Amino acid sequence: MYKINDNYLKLPGSYLFSTIGRKVAAYSAEHPEKNIIRLGIGDVTQPLAPAIIDAMHKAVDEMGRAETFRGYAPDLGYEFLRNAISEGDYQSRGADIKADEIFVSDGAKCDSGNIQEIFSLDNRIAVCDPVYPVYVDTNAMAGRTGTYDPKTEMWSDVIYMPCLKENGFAPELPKETPDMIYLCFPNNPTGSAVTKDQLQTWVDYANRVGAVIIYDAAYEAYISEENVPHTIYECEGARTCAIELKSFSKNAGFTGVRLGYTVIPRDLKCGDVSLHALWARRHGTKYNGAPYIIQRAGEAVYSEEGKIQLKEQVAYYMKNARTICEGLKEAGYTVFGGVNAPYIWLKTPDKMTSWEFFDYLLGAAGVVGTPGSGFGPSGEGYFRLTAFGSYENTLAALERIKQI
Ligand code: PLP
């Protein structure tokens, strides 16, 4: 008789987006004349850049000819892409990451979920609170998080590191010592970033206590401030304590085509065991990695043409972010983020809960955002808006918000 993984039974329901969907549908049914504007979108909306489309067309043609056809991709990804990543994202920034330390994948979500498999179930994890929910969910599925308390919405064995207005939405070093530390900067959902000095403190801490940092840099392309690091490997000593996750989703619009990568430096060892060697055994090698056509598309991200076109795309979203921040401030809101990330994090007014503010904004302005409490207990009393909509809709939404 088979048995199931009963860690799955401990998972709380994923109510956030289903509840949003239900509330929006009810509002539309009641107000069919009202055009709803969605500023809660976590997905990109701009089409793939021409340089990327050209690269894909070329690769498709190659796949149709016997001399250039490709089957399974190499385990770590094609060398042309790993070389482009190593040069474009690391060497050019003075971070010594070599092509053979990069594992190409079909996106950061899978990697951020699967990476925990190479670590013992005895490890304690520490997470920013609030944060992208995948880190906690996948550790819960593995059985590393203890029991879930629906009242506090917390797991007994997780070290939550509150990211609040009071600490600039950057976590303080935890009082209890974790084994695995998940950091995500620029952060989803708060839009906050950390300086190189702040990140160096974490790298020094991890090396001192023997913890591993899993650093999610999915929003690196949105960094605009000089003192914010683009990769954890800009910090001294990161090669011996940090894994980095990257995605092509938000910098290049690959949410639908899927491409990402994980960096595991060869110096990262647990005793004698190389984490690089363990991740090389991960499931998903060959079969689930990104296809040749998509890896060629990824290479085009680093071409001169691709860089110019993608800079324009990021600038488009960041113009939306500025429009949201300025409009909300004019309307009297307290606003964070939106400078190094496409996320705007606002304090709900009049002590409203995140969900009360959701209902208020939908009812009064027909604008949809995401309640901050959906990203962790410290998100209560906050609300996330995103810059991924069209400029016209973003402007229209802000006009509506200013009028209420
Ligand atoms: N990491 C963070 C912090 C994210 O917010 C997201 C998506 O929203 C991802 C990773 C997922 O990236 P991908 O599309 O490459 O799976």
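The values are calculated or read from the model by the stated rules, or taken from the named source; none is laboratory data. Computed from a predicted structure; not experimentally measured. Glycine gets a Cβ as well: all are built from the backbone with ideal geometry, and neighbour counts include every protein chain shown. Just the protein is used for accessible areas: all its heavy atoms, side chains included, with ligands, DNA and RNA removed. Shrake-Rupley method; radii C 1.70, N 1.55, O 1.52, S 1.80 Å.
Would you mind pulling out the separation of the Cα centroids of the range 140-210 and the range 212-243, in Å?
One Cα centre to the other: 15 Å.
Using label points projected 7 Å from each Cα along Cα→Cβ, tell me how many nm separate Thr353 and Asp149, to one decimal.
Distance between the two pseudo-spin positions: 1.7 nm.
If you take every DSSP beta bridge fully contained in the range 53-303, what fraction is antiparallel? Give it as a percent rounded to 5.
45
So for each of 296-308, 181-193 I average, over its residues, the number of other beta carbons within 10 Å; can you give me the resulting order with the highest mean first?
Packing order, densest peptide first, comes out as 181-193, 296-308.
If contacts are Cα pairs under 8 angstrom and at least 6 residues apart, what is the relative contact order of the chain in percent?
Answer for the chain is 23 percent.
Using a Förster distance of 45 angstrom, determine the FRET efficiency expected from the C-beta separation of Glu62 and Ala277, and round it to 0.05.
Computed FRET efficiency for Glu62 and Ala277: 0.90.
Would you please state which residues of the range 146-160 a label at Asn123 would reach in this model, taking the label point 7 Å out along Cα→Cβ and a backbone N cut-off of under 20 Å?
Of the residues in the range 146-160, 146-147, 155-160 have backbone N under 20 Å from the label point off Asn123.
If we sort 54-62, 120-128 on the protection proxy, mean other Cβ atoms within 10 Å, highest first, what's the order?
120-128, 54-62
Could you compute the FRET efficiency for Lys165 and Lys34, with r as their C-beta to C-beta distance and R0 at 45 Å, rounded to 0.05?
0.85
How much FRET efficiency would the formula 1/(1 + (r/R0)^6) give for Lys196 and Leu9, where r is the Cβ-Cβ distance and R0 is 41 Å, rounded to 0.05?
It comes to 0.45.
Could you pull the Cα extents of the chain along its three principal axes, largest to smallest, in whole Å?
Its Cα atoms span 59, 54, 51 Å along the three principal axes.
For the chain, modelled as a GNM with alpha-carbon contacts under 10 angstrom, which of Gly381, Gly146, Gly338 fluctuates the most?
Judging by the Gaussian network model, the answer is Gly146.
Extending each Cα 7 Å along its Cβ direction at Glu392 and Tyr360, get the distance between those two points in nm, one decimal.
3.1
Could you provide, to the nearest whole Å², the per residue accessible area of the chain with probe 1.4 Å?
45
Quickly estimate the mean residue ellipticity at 222 nm for the chain, helices only: each DSSP H run with n ≥ 4 gives -39500 (n - 2.57), and the total goes over all residues, rounded to 500.
Value at 222 nm, helices only: -10500 deg cm²/dmol.
Tell me, in nm to one decimal, what length is gained between Phe17 and Glu312 on full extension, where the rule is 0.36 nm per residue of separation less the Cα-Cα distance?
Using 0.36 nm per residue and subtracting the Cα-Cα distance, I get 103.2 nm.
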